[in-house]
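The values are calculated or read from the model by the stated rules, or taken from the named source; none is laboratory data. Computed from a predicted model, the values in this text were never measured in an experiment. Cβ coordinates were reconstructed from backbone atoms using ideal geometry, including for glycine residues, and neighbour counts include every protein chain displayed.
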Amino acid sequence: MAEKAKGDLLVRLSRIDRRILFLIIFVCVAVPLLTGAKMKMSITQPVKGLYDAIDGLQPGSYVWLAADYDPGSMPELYPMNIVLLDHLFARNIKIISASLWAPGPPMAQRAFDAVAPKYGKQYGIDYVNLGFKEGREAVMLSAAEDLRRTFPRDFFNTPWESVPMLQDIRSLRDAKMIVSVSAGYPGVKEWIQQVGTRYGMRIGGGVTAVTAPEMYPYIQSGQLTGLLSGMKGAAEYEQLIARPGLGIAGMVAQSCVHIMVVVFIIFANVVYLIEKTRK
Amino acid sequence: MKLIKPAAILLVLVILASLVAGGRLSPGILGTWVAALLTLAIFSFLYKDNRIYKLAEHLFIGVSAGYSVSLEYWNVFRPNLWDPLVRGLHHVTMAHVFSLGGFSVHLPYFPGMLLLFPFALGLLLFARFSARLAWLSRWSIAAMVGSYAGLAMIGALQGDLVAQVRANMIPLVAAGSLGGIRASGNADDLIFAFLRLIQNPLIIFGLISTLVYFFFSREHKGSLGVVSRIGVWFLMISFGASFGYTVMSRVSLLIGRLHFLMSDWLRVIP
Amino acid sequence: MRTEVPVAIAFIAGMLMIVSLFVPHPVISEPASVVRGWAIIITGFAYVLGVANIARISLGVLRKRGKDWEYKFVLLAALAVMIVLGIGLGIRSGSAFDWAYQNLYVPMQSTMFSLLAFFIASAAYRAFRARSVEATLLLVTAAIVMLGRVPISEHIWGRFPDFTEWIMEVPNMAAKRGIMIGAALGGISTGLKMVLGLERSYLGGG
């Protein structure tokens with residue numbers, strides 16, 4: 001009788017109102033954020049690969065930073081944008097930023113406004129935001145041939161000839177590396193397919209965790225120099241360059257929720273097995 | 001009576017706008033409160049579908065659609081089409097095309113004239129709204145589809161097919177992997193040395209078995225069936241990995257929103 | 001005219017893109033570059049077409065006072081205000097358009113996507129069952145990856161993150177590569193069929 005009662009309780013628990021599950025998840029995120037707890041972590045090879053590639057660039061060289069994301073992916077990709085700018089500016093790399101996603105340029109500009117003053121970097125001399133261009137792969141190839149024709153004006157509608165750092169640039173291929181912070185299509189994959197492989201350019205990526213597993217074949221083939229995956233990737237990079245941000249701040253909350261989801265899966269399957277055995 | 005609610009909303013908006021215009025309310029503070037209330041409105045869906053969520057949802061669709069149109073105007077239409085055409089129209093000349101038996105044919109020409117073609121094709125897209133003229137939009141669609149089909153093809157060919165097949169041509173035993181087993185000092189090192197030893201054969205066989213699974217021209221029986229089944233196991237591992245990463249991704253988005261509410265709005269965390 | 005001209009346009013545009021990879025000579029690369037520029041412009045119009053369609057449908061509901069017509073009014077009002085602010089007053093930092101983007105668009109889209117965290121956790125609890133060997137393999141891998149990707153796993157086993165990384169780099173990579181090659185072959189054949197006019201479903205009605 002006691003066994004059956006316990007089994008019934010487990011079965012009832014397995015059919016609990018989902019709003020209680022939502023509340024548990026909310027608590028798992030809110031409490032760690034409130035306590036401000038932080039955790040150190042080991043650095044994975046894909047993150048180290050990107051760090052080494054950027055660290056090896058000559059000061060004064062150009063990097064193309066593609067801000068191919070929207071507010072829906074901001075918590076994962078904006079910290080990456082920030083920490084990459086930190087590293088690039090610290091190495092005195094000149095940055096040309098553009099976006100194949102309409103919401104990208106304001107977020108890229110927000111990141112520039114947050115980081116550039118810390119290093120005394122000036123718009124138009126050390127970095128430029130070329131804005132958004134619709135056309136996906138066509139824009140990539142067009143930029144690789146003639147950047148001025150593709151982006152005749154920057155995000156602020158300033159004509160090409162009025163931006164000092166663009167006068168030495170003919171095409172995207174003048175950059176030593178492309179770093180794409182992307183939320184999906186078009187993004188890192190398309191940069192690899194259209195520009196990286198065709199012109200032999202080095203590509204580094206920052207992607208949402210959803211798309212990260214698909215990038216591993218490109219890492220193994222050498223088409224992708226390095227990769228930041230999701231908020232954890234941003235956290236690892238923040239730790240590497242000793243600039244803690246939202247990435248590191250979110251890791252304890254992330255850990256709590258992951259453990260809770262694993263507990264959910266294990267509990268639900270234990271109950272499933274009990275029910276199956278009874279039948 | 002029906003107009004009271006929209007009138008009240010309009011009144012609140014007018015009051016807020018005049019407070020901001022008069023410098024009595026900082027746009028930053030107003031913006032944070034608006035963002036926070038909209039965030040809570042959307043989160044209210046978790047309790048149940050409700051009118052406030054629906055209002056926020058439709059507001060979002062309108063705002064995002066209007067945002068896209070404005071961006072297209074300033075980032076594509078003006079710099080890539082309109083401005084070059086207008087500049088060119090200031091330099092119209094009569095260009096000699098050909099001569100025939102004493103007659104010379106001249107046609108008007110201006111720099112950037114070819115842009116009239118994509119302009120026309122772009123406008124033809126809107127023919128879709130007319131049942132009688134909708135067939136004209138096919139020309140524009142064909143131009144887009146043809147271009148992007150060609151681009152996608154060459155991208156898939158050089159970036160995915162050739163490069164990935166080449167990258168899988170690796171030795172069955174990675175150099176130094178046997179030595180790694182002998183040199184292992186502890187249990188962890190031994191485990192990872194073993195994983196490194198089986199790495200290459202797993203990659204080779206994993207790819208082959210996955211491709212065999214997708215080969216549907218023959219029934220998956222016998223040895224083909226066995227290899228196909230192993231391919232399914234590799235696929236399940238990759239789907240499990242993808243699911244784990246998807247959970248990670250979604251949780252990160254929630255962390256971002258709660259961080260905004262607690263930090264920027266309520267200011268209970270730095 | 002209704003079929004032959006679009007098929008010819010698709011053929012010319014597509015073949016220019018394909019041949020430009022193999023023939024870098026200006027006689028091919030220059031026209032290909034021009035066509036790419038045109039594709040950028042036409043795609044911009046296509047974007048606006050999508051928005052115009054949303055407006056047309058919403059106006060229809062509003063006129064007939066259909067279901068949820070009040071919400072359609074809000075949608076159209078927001079659309080109109082954003083277009084007036086953006087095209088009329090500009091999109092620079094600090095503008096009213098920028099304010100609307102930062103305080104309406106950004107929080108709403110971020111929140112919409114963050115709802116998924118709750119639903120995926122709920123789905124993990126209520127729906128994911130190890131009913132077969134394959135499903136068990138999927139769930140076990142998911143659990144290992146979820147634990148291995150957070151710093152707390154290093155307290156369980158110091159090499160947990162390395163083991164997770166091995167799963168990503170070996171079995172996951174092999175399967176993803178198989179999917180990628182299969183998709184590439186499918187994409188190449190479909191693209192070729194479209195360019196050669198054997199596949200005409202994209203022409204649709206009209």
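Of the residues B:VAL162, B:VAL212, only one is within 17 Å of C:ARG177 (Cα to Cα), in contact (Cβ under 8 Å) with a residue 12 or more places away in the chain and not basic (Lys, Arg); which?
So the residue among B:VAL162, B:VAL212 that is within 17 Å of C:ARG177 (Cα to Cα), in contact (Cβ under 8 Å) with a residue 12 or more places away in the chain and not basic (Lys, Arg) is B:VAL212.
Would you point out which residue out of A:ASN92, A:ASN129 is polar (S, T, N, Q), at pLDDT 95 or above and over 20 Å from the mean Cα position of the chain (by Cα)? Exactly one of A:ASN92, A:ASN129 is polar (S, T, N, Q), at pLDDT 95 or above and over 20 Å from the mean Cα position of the chain (by Cα), namely A:ASN92.
Does at least one position in segment C:121-136 carry a residue that is aromatic (Phe, Trp, Tyr), more than 30 Å from A:GLY131 (Cβ to Cβ) and at pLDDT below 95? Scanning segment C:121-136, I find at least one residue that is aromatic (Phe, Trp, Tyr), more than 30 Å from A:GLY131 (Cβ to Cβ) and at pLDDT below 95, so the answer is yes. Which condition number does A:PRO213 fail, the rest of (1) under 30 Å from C:TYR125 (Cβ atoms); (2) in contact (Cβ under 8 Å) with a residue 12 or more places away in the chain; (3) within 20 Å of the chain's Cα centre (by Cα) being met? Only one criterion in (1) under 30 Å from C:TYR125 (Cβ atoms); (2) in contact (Cβ under 8 Å) with a residue 12 or more places away in the chain; (3) within 20 Å of the chain's Cα centre (by Cα) is unmet by A:PRO213, namely (2). Among the residues of segment A:36-52, those identified as at pLDDT 90 or above, within 19 Å of C:SER153 (Cα to Cα) and either part of a helix (DSSP H, G or I) or of a type in the set (A, V, I, L, M) (or both) are A:MET41, A:ILE43, A:GLN45, A:PRO46, A:VAL47. Tally time: how many residues in segment C:181-202 are surrounded by fewer than 23 Cβ atoms within 10 Å (Cβ to Cβ) and in a helix (DSSP H, G or I)? Final tally of qualifying residues: 13. Annotation note: of C:VAL7, C:VAL74, C:VAL34, the sole residue that is farther than 20 Å from A:ALA102 by Cα, aliphatic (A, V, I, L, M) and either touching a residue at least 40 places away in the same chain (Cβ under 8 Å) or more than 9 Å from chain B (Cβ to nearest Cβ) (or both) is C:VAL7.
Which residues, counting only those in segment B:182-196, are assigned to a helix (DSSP H, G or I) and either exposed (fewer than 14 other Cβ atoms within 10 Å of the Cβ) or of a type in the set (Lys, Arg) (or both)? Give the derivation first.
First, pick out the residues of segment B:182-196 that are assigned to a helix (DSSP H, G or I): B:182, B:187-196.
B:ARG182, B:ALA187, B:ARG196, listed by residue number.
For segment A:108-130, give me each residue that is farther than 13 Å from A:LEU85 by Cα, out of contact with any Ser or Thr (no Cβ under 7 Å at 6 or more places or on another chain) and not in a loop (DSSP other than H, G, I, E, B). If the condition is that a residue be farther than 13 Å from A:LEU85 by Cα, out of contact with any Ser or Thr (no Cβ under 7 Å at 6 or more places or on another chain) and not in a loop (DSSP other than H, G, I, E, B), then A:TYR123 is the only one that fits. Taking segment A:169-183 as the range and being surrounded by 18 or more Cβ atoms within 10 Å (Cβ to Cβ), small (Gly, Ala, Ser) and not in a strand (DSSP E or B) as the test, the residues that pass are A:ALA175, A:ALA183.
Within the option set B:ALA127, B:ALA134, B:ALA142, B:ALA149, being more than 7 Å from every other protein chain (Cβ to nearest Cβ) and out of contact with any Phe, Trp or Tyr (no Cβ under 7 Å at 6 or more places or on another chain) holds for one residue only, B:ALA127. Only one of the numbered conditions (1) in contact (Cβ under 8 Å) with a residue 12 or more places away in the chain; (2) at the interface with chain C (Cβ under 8 Å from one of its Cβ atoms) is not met by B:ILE237, and that is (1).
Using the structure shown, decide if C:VAL74 is assigned by TED's automatic domain parsing to the domain that holds C:ILE54, in a helix (DSSP H, G or I), under 21 Å from B:GLU57 (Cβ atoms) and of a type in the set (A, V, I, L, M). Walk me through it before giving the result.
Working: assigned by TED's automatic domain parsing to the domain that holds C:ILE54: yes; in a helix (DSSP H, G or I): yes; under 21 Å from B:GLU57 (Cβ atoms): yes; of a type in the set (A, V, I, L, M): yes.
Against the criterion (assigned by TED's automatic domain parsing to the domain that holds C:ILE54, in a helix (DSSP H, G or I), under 21 Å from B:GLU57 (Cβ atoms) and of a type in the set (A, V, I, L, M)), C:VAL74 qualifies.
For the condition facing another protein chain (nearest Cβ under 7 Å), within 30 Å of B:ALA35 (Cβ to Cβ) and charged (D, E, K, R), what is the one hit in C:ARG129, C:ARG149?
C:ARG149
Yes/no per residue for (1) within 8 Å of another protein chain (Cβ to nearest Cβ); (2) of a type in the set (Gly, Ala, Ser); (3) surrounded by fewer than 24 Cβ atoms within 10 Å (Cβ to Cβ):
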| site | (1), (2), (3) |
| --- | --- |
| A:ARG19 | yes, no, yes |
| A:LEU33 | yes, no, yes |
| A:SER42 | yes, yes, yes |
| A:ASP68 | no, no, no |
| A:PRO71 | yes, no, no |
| A:MET74 | yes, no, no |
| A:PRO79 | no, no, no |
| A:LEU84 | no, no, no |
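Of all residues in segment C:85-101, those being surrounded by fewer than 21 Cβ atoms within 10 Å (Cβ to Cβ) and either assigned to a helix (DSSP H, G or I) or of a type in the set (Ser, Thr, Tyr) (or both) number 8.
Among the residues of this structure, B:VAL232 counts as one that is within 28 Å of C:ALA127 (Cβ to Cβ) and within 11 Å of chain C (Cβ to nearest Cβ).
Annotation note: of C:LEU147, C:LEU138, the sole residue that is in contact with a His (Cβ under 8 Å, 6 or more places away or on another chain) and in a helix (DSSP H, G or I) is C:LEU147. If you go through segment C:86-107 and keep only what is modelled with pLDDT of 90 or more, over 20 Å from B:ILE29 (Cβ atoms) and of a type outside the set (Val, Ile, Thr), you end up with C:GLY86, C:GLY88, C:LEU89.
Look through segment B:159-178, keep the residues that are surrounded by fewer than 24 Cβ atoms within 10 Å (Cβ to Cβ) and within 7 Å of chain C (Cβ to nearest Cβ), and return whichever of them is nearest to B:LEU202 (Cα to Cα).
Taking segment B:159-178 first, the residues surrounded by fewer than 24 Cβ atoms within 10 Å (Cβ to Cβ) are B:161-178.
Pick out the ones that are also within 7 Å of chain C (Cβ to nearest Cβ) and you get B:161, B:164-165, B:168.
Details: B:LEU161: 20, B:GLN164: 16, B:VAL165: 15, B:ASN168: 11 Å.
Among those that are surrounded by fewer than 24 Cβ atoms within 10 Å (Cβ to Cβ) and within 7 Å of chain C (Cβ to nearest Cβ), it is B:ASN168.
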